[in-house]
Amino acid sequence: MTQFRELPTVVGRLVEKVKEMHLLLESVFTNGKLRTGTPIVAVGAGAPTFTAQEGTMYWDSTNNQMYVNNNSATGWTALN
């Protein structure tokens, strides 16, 4: 019976998370289409070594070099 008493709390948390996701999606989509605008660029010192989605941009502030992830893992291509 204890599990059933906690159900309203769990459902309430779930509803709040769904509302947060809805707000996030509204900020990314307009009329069902992906919004365009300023891209997000990761910034760090030195060449990137972390895993990221293919197409992720990274700015090396030490060497003033832009990179783009090329394999959805740790592969990065320096842009000239």
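Quick rundown of the values:
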| read-out | value |
| --- | --- |
| Rg [Å, one decimal], Dmax [Å, integer] - segment 38-80, C-alpha atoms | 9.2, 24 |
| Mean Cβ count within 10 Å, highest first, over the residues of peptides 63-75, 43-55, 8-20 | 63-75, 43-55, 8-20 |
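Quick note: the coordinates plus some simple rules give every number you see, no bench work behind them. All values reported here derive from a predicted model rather than from experimental measurement. Positions of Cβ are generated from backbone atoms using ideal geometry, with glycine treated the same way; all protein chains shown enter the neighbour counts.
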